[in-house]
Amino acid sequence: MNMEWSSSLLQRNSQPPETRRSFGILFIAVSVAIVLGTVFSEVAARYNLPVYYHVIIWLVSFGLTFGISYRKFRNVIFSVRHRMKNSLKWPFIAKTVNGLCWAAPFASIAAFPSLYPYLILTGIGLGNFSTFLLMKKYSGLESREQAIVGLLCIAFIPVTVGVSSTTLLNHNVVMILSRIFVALSYAVGGIYAVQVKE
């Protein structure tokens, strides 16, 4: 059963090629922005810069990445709007489940800051994978790039737990590792979406 489902995931894609490519570009840009933000945040931490510098660094990282790719992002914006319109037509329970998958892990960070690395991976993993499943069920679209991102992030959770529990890495290094895993997941999903020939 699982093998049949995996085969289906890899063989069918009902998204228009333009939409798939647009999301691929978006995911690659997100990956690059996360890497830039992570690197420069670490530099800021080494120099003990105030917290607001970290906020500026992340804003600039995403703004710069998206700004450089502005022309390519015209189609991305249209595709995102179209996908959001489709999700508005979902049943209330579906929208609620999807919202909780995205928001609950991130909201939990305030209560459990020590679990930040795992909650980040959980939120992005469940958020993307639930969006894939619900979009397939209610919109008739297979956003396989989101399935890839979601499954990879979920798969990286035990890896992160294992690394943090079997090594002498401090919490900050584990946080950086989780961000790199998120960036890697988006990069793989984005490259797949851009390169697939269907």
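I need a count of the residues in region 27-72 that are polar (S, T, N, Q), outside any helix (DSSP H, G or I) and within 23 Å of residue 149 (Cα to Cα). Result for region 27-72: 1.
Of all the numbered requirements in (1) within 22 Å of residue 32 (Cβ to Cβ); (2) of a type in the set (Ser, Thr, Tyr); (3) more than 16 Å from the chain's Cα centre (by Cα), residue 139 misses one, and that requirement is (1). Of the residues making up region 91-111, those that are more than 14 Å from residue 143 (Cβ to Cβ) and in contact with a Leu (Cβ under 6 Å, 6 or more places away or on another chain) are 94, 101, 105, 108, 109. Given the condition over 25 Å from residue 176 (Cβ atoms), of a type in the set (D, E, K, R), out of contact with any Cys (no Cβ under 7 Å at 6 or more places or on another chain) and assigned to a loop (DSSP other than H, G, I, E, B), answer yes or no: does some residue in region 78-87 qualify? No, that holds for no residue.
Residues in region 184-198 that are surrounded by fewer than 19 Cβ atoms within 10 Å (Cβ to Cβ) and within 12 Å of the chain's Cα centre (by Cα): 184, 188. Only one of these conditions is not met by residue 99: (1) closer than 23 Å to residue 189 by Cα; (2) more than 14 Å from the chain's Cα centre (by Cα); (3) in contact (Cβ under 8 Å) with a residue 40 or more places away in the chain. Which number is it? The number of the failed condition is (3). Among the residues of region 49-68, those identified as within 15 Å of residue 30 (Cβ to Cβ) and buried (at least 16 other Cβ atoms within 10 Å of the Cβ) are 58, 61, 62, 65, 66.
Among residues of region 36-77 being in contact (Cβ under 8 Å) with a residue 40 or more places away in the chain and among the β-branched types (Val, Ile, Thr), the one that is farthest from residue 181 (Cα to Cα) is 76. Within region 13-24, the residues that satisfy the criterion of being out of contact with any Ser or Thr (no Cβ under 7 Å at 6 or more places or on another chain) and either modelled with pLDDT under 85 or under 7 Å from residue 190 (Cβ atoms) (or both) are 13, 14, 16, 17, 18, 24.
Exactly one residue among 157, 93 is at negative phi and within 20 Å of the chain's Cα centre (by Cα), and that residue is 157. Can you find a residue that is among the hydroxyl-bearing types (Ser, Thr, Tyr), exposed (fewer than 15 other Cβ atoms within 10 Å of the Cβ) and modelled with pLDDT under 95 anywhere in region 106-123? Yes, there is a match, as at least one residue in region 106-123 is among the hydroxyl-bearing types (Ser, Thr, Tyr), exposed (fewer than 15 other Cβ atoms within 10 Å of the Cβ) and modelled with pLDDT under 95.
The values are calculated or read from the model by the stated rules, or taken from the named source; none is laboratory data. Bear in mind the structure is a predicted one, so any value in this text is a computation, not a measurement. Heads up, the Cβs are rebuilt from the backbone with ideal geometry, glycines too, and the neighbour counts pull from every protein chain shown.
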